[in-house]
Each structure stands twice: as C-alpha cells, then as structure tokens.
Number of protein chains: 2
Amino acid sequence: MEELKCESRPGINKQLALKDALELLSGKWKVCILTNLYHNGTLRFKDIIASSRGITPKVLSKELQQLEENLLITRTVNNTKPVTVSYALTPYATETQPVIKALIEFGLKHRMKIKSII
Amino acid sequence: MEELKCESRPGINKQLALKDALELLSGKWKVCILTNLYHNGTLRFKDIIASSRGITPKVLSKELQQLEENLLITRTVNNTKPVTVSYALTPYATETQPVIKALIEFGLKHRMKIKSII
DNA sequence: GCTATGAGTTACCTAAAGGATAGCGACTAT
DNA sequence: ATAGTCGCTATCCTTTAGGTAACTCATAGC
C-alpha cells in the first residue's frame, strides 16, 4: 500500500484515518461479506462462498483474514465431522454501521442523480 | 469494473449503491482532491498537483475527469495568457460530506483500536 | 529563433487485485 | 478401497491502478 501525501491542513491524522477506513472497506468483497454476516449472524466458510456468489476460496480466505486482523470478525473452528469454521461479526463491527449507512444513502442519491436508475 | 453479486436480501439496490459509493471514493487520490477543493474553494490544475504531493498529471487528469463525470466538480477553462483551468466543487458535492465524516470517525476509532496510534 | 508556461496526453512499466483450476489433509460414509 | 465433505493452499494467469518520463499545443516573453 502506498503513502498518502495530502496537503489539507486540518489534521494529517484525519487523512490517515480516511485512508485506513477506505482501505479496510474497499475491494470487491469486504462489504458483501460484512453485510451477509450482519444479516445471518454466523456463517461457515462454505456458506459465505454460497452467499457471495462469484467469490473464490482463495480470495475469500484472504478477505476473512484481513477482516479478522482488523477485529471486525471472529473465526471459530468447530468440532464437527469434517471440520467446519464459523465466522461472525464482533461487537466492534457495529462501528462500521454508520459508515456503511452513509455510503448506502449517498450511493442511492447518486444512482438517482447520475444514472436515473434505482 | 466487475459486477458485484451479493446475496443479502434487503435490497439489491442497496448493494449496488454501496458499490457505486465505494468505487467513486476509492483510489489513492479522490478524497484528497475533494478535501483540497473543499478547503480552498477553487484550484487550478497546477495547484492540485502542488497540494496533492506525489500525484502525476496523468493520474490527476483521470481522477478529475471521473469526478466531473460524477458531477462532484466543475471544470472551467479560463481566458488567460497560458490557458489555465479551474476546478471547484459542485453544490451536489456536499452530499459526500456525511460519508467522508463517517469514514473519518470510524478511521480514527479504528486507528486507536488497532494501531494504538493517533 | 529560443525558451518557458499550463494543461494536459502518450507510451511504457511495475505491483497488486483478483479469477481459474487443482490439490491437500483430516475425516466419514459406502 | 473409493469417493465425498470442508476449509483451505498453491500455481498460474489476466486485469487494473498507478508511477515515470517524455512529448504536444497554444501562447508569450526575451
């Protein structure tokens, strides 16, 4: 990842915070996984593959690791016949809700404005 | 850009909105340019190059085109000796403020939580 | 004529994201 | 013994973001 050099005076930390937040949520699958977990509570690897249609195991694995590193999800290995692994949102993950809400609200306005589609 | 296929029931349009919003603000320079314009009002191409240190003309040109296509900024060619071009935020660009605010707030919390840095 | 300036554009290159496919290791069911 | 399930990992490949450097075009000053 590259450095962000940006000259707006009111707080370099704000710029870094902005960068961090965007990096964490950017990418093709992160929010998809998060919202699926939000709606379903707990999902196994296979469930996420099924609900995020098009994602491959390799990519999912990487995304889950990043989300776990960032304390947004927990990974639990279950004592089942073939091993299963459950993923769930952490309490901390609720902190992302205002961001996702704001993104959706702006996105909806923007789709109306730009594409005249809903 | 790829399609986002995601199975959360409450509104496919929300998923698309989310995707649109993230795409529009993602990338290394978009928010940097937006906040610089927000703080300075109007900037010429050269000014943005100077204030977004590290950006190259090619990349800036592309970013500005995308921001203009999305109605967030205006492009004005001035009648000056060597041509200058001014960029400014549109009124509509204020709609991005809640998103950026939410991103910064989450980002600050996250930096505290994860990196213990501010 | 030579050089400079502002706003780009062009061509080339690298690194990273992400997709496709296959296989592994532990186990179970037939 | 064979085949299947689950959660990955390994290998390879394509696409994209972004960087570097040079160049264009119009004009203007020396």
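Data for the structure
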item: Any hit, segment A:68-88, residues being farther than 30 Å from B:PRO91 by Cα, in a helix (DSSP H, G or I) and not polar (S, T, N, Q); result: yes
item: Residue match in segment A:64-81 (condition: under 30 Å from B:LEU43 (Cα atoms) and modelled with pLDDT of 95 or more); result: no
item: Members of segment A:49-58 found to be within 10 Å of another protein chain (Cβ to nearest Cβ) and either surrounded by fewer than 21 Cβ atoms within 10 Å (Cβ to Cβ) or part of a helix (DSSP H, G or I) (or both), listed by number; result: A:ALA50, A:SER51, A:ARG53, A:GLY54, A:ILE55
item: Scan of segment A:59-81 for residues that are under 30 Å from B:MET112 (Cα atoms) and within 10 Å of DNA strand C (Cβ to nearest atom), ordered by number; result: A:VAL59, A:LEU60, A:SER61, A:LYS62, A:GLU63, A:GLN66
item: Residues of segment B:1-37 that turn out to be at pLDDT 95 or above and more than 8 Å from chain A (Cβ to nearest Cβ), as a count; result: 6
item: Top-ranked residue in segment B:36-63 [being within 16 Å of DNA strand D (Cβ to nearest atom) and hydroxyl-bearing (Ser, Thr, Tyr); ranked as nearest to A:LEU16 (Cα to Cα)]; result: B:SER52
item: Residue list for segment A:92-108, restricted to those being of a type outside the set (A, V, I, L, M, F, W, C) and buried (at least 22 other Cβ atoms within 10 Å of the Cβ); result: A:THR96, A:GLY107
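Matching residues to (1) loosely packed, with under 13 Cβ neighbours inside 10 Å; (2) of a type in the set (D, E, K, R); (3) in contact (Cβ under 8 Å) with a residue 60 or more places away in the chain:
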{"site": "B:GLU63", "(1), (2), (3)": "no, yes, no"}
{"site": "B:LEU67", "(1), (2), (3)": "no, no, no"}
{"site": "B:ASN78", "(1), (2), (3)": "yes, no, no"}
{"site": "B:THR90", "(1), (2), (3)": "no, no, no"}
{"site": "B:HIS110", "(1), (2), (3)": "no, no, no"}
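The values are calculated or read from the model by the stated rules, or taken from the named source; none is laboratory data. Given the structure is predicted, the values throughout are model-derived calculations rather than measurements. Because the Cβ atoms are built from the backbone with ideal geometry, glycine has one as well, and the counts that use them run over all protein chains shown.
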